[in-house]
Amino acid sequence: MLRKDEMPEAEGVEGRAGTMFSRADYEMSRRREGASVRQNESETQVAVRVAGLSKAYGDLRALDGVSFEVPMRRVFAYLGPNGAGKTTTINILCGLLERDGGEVSILGRDVAADPVLVKSRIGVVTENSNLYPELHCRRNLEYTGELYGLSADRRRSRAESLLNDFGLMDKAGAPFGTLSRGMKRRLTIAAALMHEPEILFLDEPTTGLDVPSARSLRDLIRRIVGGGATVFLTTHNLFEAEELADEIVVLIGGRIVERGKVSDIKRRIGGARCLTVSFSQSVSGGDVLGVCPAIRNAELQDGALKFEASDLHDAIAQLVAFCNKENIRMNDIGIREPSLEDAFVSLLAGAGKSDGKDRP
Amino acid sequence: MIQLARALAISRKDVESYYGKPPLVTWGLLFPAVLILAVYIKDRAGYLDVAPGIIAMTLLFGNTSMAAIVITFEKRSGTFERLLLSPLGMGTIILGKALSAAAYGIATSIVLAVGLKACMGLPMARPDVFIAGLLIGSCVFSLLGLIASVMVKEVFEAMTLMNFFRFPLLFLSGVFVPFAQMPGWLKPVAWLSPLTHAGEMIRFGIFGETAFASPWVPVAASLIMFAAVCVLSGLSFQRYARR
């Protein structure tokens, strides 16, 4: 928006080169400048921009018009069942695979046009911890630094600092092949951070890890984002995505079927909230369903009845009315929000149905 | 220069990880040394006929095998993917991998030649041409190994693929029968073999004579073949990387 004092008073004003142009031209020019500035600002706020991405392997369409944006300094989870096209997307984003169509911009650059520059600004942790088994941990990190063009001093200091940060200092001289699975995972992530990438791609980071290792890795991912990096996460672990991700995209059959903030998706797709009620005397699910229309489903679970409520307020009111009428007391009542897993399962079920409809 | 430094880093790492291992060095030396010794025991002067060919054969087998094994192994372990994900041009990766394999072949061949000179009095008329033969030959053979490595998945497949052309080359390239003594109908086939030209350059280095009109003939032929395998390896790696 132009401020009033910035506007030329006259209908025709003289430009810098001495050419005359109209107020409309002037305003158009200012709008263009503004748009350009906004575009640059938006470029700096968007880490990854994908538009209409498509890829086919023969007759199989692995990606079909996929579009999304990943904001800077966020954890972005890219979810989907096996074969959904997640790895194909990551491989295209990281320059390992050519796309058939669409646009991909990583930090404002096209990886296909400028692969070396883009790769120097991203870090990639593949599903397997793939450092060199015969090299010791410090050497693995320093070698990675060499590949990214870090100076010898910088390599040494970064390796030292990452070994320290990732709790691997006492293993600095141990060959990578001798480490535990959790340590290998941590060192692989450390190697991806050697050159301080602006975007870190993490493919199934906690697969195969025990609970403490997975938890410590999640803390680590939070610290990485806290340090200013953007994390692009693919995982099958929906609890992990729910814990870490600011935004998620769900991909099924090469198409995006849902996107947004975790809380929004859970609310939108997760379906009914669950009520778990234990009564003072035996009650069958059928008794309750008959008189409580706000309750969709009932099942006995660990001595209590678990209900799916389409409307929580109405369900509780109807349950209370039922109890009063039958002179039954509610000993305990618990409410559970739908999880991301519930939402994901709903999406998969929905996709299955729509697939079924599409097929002859 | 930046990419060259990264290629050298890849080579250094490979030498450290694979080529510097004592069993490998020993194997690379023992196999040709025993072969030459076997001929030497039978005919003390006759070993000179086969020495250049066996040195060239050592280069061929050492370089193609090691280049192919290293890449195939790294493809399987996922470490090769690290290179593809790093900010490296495809030429940088090829150069880095080929340099280490070539260094291994050159080092073992030089040690073998020095050993033969010290123990069996191997002559060395033109050391410069001898070294040039080793250099160009090892580069061509390393690149051939790299090309084979991206065409297969397993190490044994790489070996099978390479043996398909390596063993016939032994009989077609003047390793056991010098090029000059080959039947006329075989010579055009031998001409197409990179092993023939590497062997002839090494032969010229040792004896100061060649079966060709000029020592520049095998040099020029080797350089043309080097250029061809450079292009081929570049195309193969690009194709592999975008699979």
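The values are calculated or read from the model by the stated rules, or taken from the named source; none is laboratory data. None of the values given here were measured: they were computed from a predicted structure. Don't worry about glycine lacking a Cβ; one is built from the backbone with ideal geometry, like all the others, and counts go over all protein chains shown.
Of (1) within 11 Å of chain B (Cβ to nearest Cβ); (2) buried (at least 21 other Cβ atoms within 10 Å of the Cβ), A:L193 satisfies all except one. Which?
For A:L193, the failing item is (1).
Counting just the residues of region B:1-41 that are at the interface with chain A (Cβ under 10 Å from one of its Cβ atoms) and β-branched (V, I, T), which one comes out farthest from B:T108 (Cα to Cα)?
Ranking the candidates gives B:I2 first.
Which condition number in (1) more than 14 Å from chain A (Cβ to nearest Cβ); (2) modelled with pLDDT of 90 or more; (3) within 30 Å of A:I92 (Cα to Cα) is the one that B:F237 fails?
All conditions are met except number (1).
Conditions first: (1) under 30 Å from B:K117 (Cα atoms); (2) over 15 Å from the mean Cα position of the chain (by Cα). B:K13 passes all but one, so which condition is the exception?
Failed condition: (1).
Restricting to region B:144-174, name every residue that is of a type in the set (A, V, I, L, M, F, W, C), surrounded by 18 or more Cβ atoms within 10 Å (Cβ to Cβ) and over 14 Å from B:L195 (Cβ atoms).
The answer is B:L146, B:I147, B:A148, B:V150, B:V152, B:V155, B:A158, B:M159.
What is the number of the single condition among (1) within 19 Å of the chain's Cα centre (by Cα); (2) at positive phi; (3) within 14 Å of chain B (Cβ to nearest Cβ) that A:G58 does not meet?
(1)
Of all strands (runs of 3 or more DSSP E) completely enclosed by region A:1-94, which ones contain at least 1 residues that are at pLDDT 50 or above and more than 26 Å from A:P197 (Cα to Cα)?
In region A:1-94, A:46-57, A:60-71 are the strands (runs of 3 or more DSSP E) which contain 1 or more residues that are at pLDDT 50 or above and more than 26 Å from A:P197 (Cα to Cα).
Sort out which residues of region A:275-316 are surrounded by 13 or more Cβ atoms within 10 Å (Cβ to Cβ), modelled with pLDDT of 85 or more and part of a loop (DSSP other than H, G, I, E, B), and write them in order of number.
A:V283, A:C292, A:A294
Answer with yes or no whether A:G145 is under 26 Å from the mean Cα position of the chain (by Cα), of a type in the set (G, A, S) and assigned by TED's automatic domain parsing to the domain that holds A:K119.
On the way: under 26 Å from the mean Cα position of the chain (by Cα): no; of a type in the set (G, A, S): yes; assigned by TED's automatic domain parsing to the domain that holds A:K119: yes.
For A:G145, the condition - under 26 Å from the mean Cα position of the chain (by Cα), of a type in the set (G, A, S) and assigned by TED's automatic domain parsing to the domain that holds A:K119 - is not met.
Would you confirm whether or not region A:186-208 contains a residue that is more than 30 Å from B:Y18 (Cβ to Cβ) and of a type in the set (A, V, I, L, M, F, W, C)?
Taking every residue of region A:186-208 in turn, at least one turns out to be more than 30 Å from B:Y18 (Cβ to Cβ) and of a type in the set (A, V, I, L, M, F, W, C).
Do you know which residues across region A:204-243 are crowded, with 21+ Cβ neighbours inside 10 Å and of a type in the set (G, A, S)?
A:A229, A:A241
Got a number for residues in region B:191-209 being surrounded by 21 or more Cβ atoms within 10 Å (Cβ to Cβ) and either closer than 21 Å to B:L122 by Cβ or in contact with a Phe, Trp or Tyr (Cβ under 6 Å, 6 or more places away or on another chain) (or both)?
Count: 12.
Identify the residue in region A:104-138 that is within 8 Å of chain B (Cβ to nearest Cβ) and of a type in the set (D, E, K, R) and, among all such residues, is surrounded by the most Cβ atoms within 10 Å (Cβ to Cβ).
A:K119
Just name the residue that is nearest to the other protein chains (Cβ to nearest Cβ) out of those in region B:87-107 that are over 20 Å from B:A158 (Cα atoms) and crowded, with 23+ Cβ neighbours inside 10 Å. Step through it out loud before you land on a result.
Step one: list which residues in region B:87-107 are over 20 Å from B:A158 (Cα atoms), which gives B:87-92, B:103, B:106-107.
Narrowing further to those that are crowded, with 23+ Cβ neighbours inside 10 Å: B:88, B:92.
Working: B:L88: 6, B:T92: 9 Å.
Out of the qualifying residues, it is B:L88.
Looking only at region A:148-173, count how many residues are surrounded by 13 or more Cβ atoms within 10 Å (Cβ to Cβ) and in a helix (DSSP H, G or I).
Adding up the residues that qualify gives 13.
When you check A:E69 against the structure, is it within 14 Å of another protein chain (Cβ to nearest Cβ) and among the acidic types (D, E), yes or no? Show your work before the answer.
Working: within 14 Å of another protein chain (Cβ to nearest Cβ): no; among the acidic types (D, E): yes.
Considered against the rule, which asks whether it is within 14 Å of another protein chain (Cβ to nearest Cβ) and among the acidic types (D, E), A:E69 comes out as no.
Name the residues in region A:228-243 that are at pLDDT 90 or above and among the aliphatic types (A, V, I, L, M), would you?
Within region A:228-243, A:A229, A:V231, A:L233 meet the criteria.
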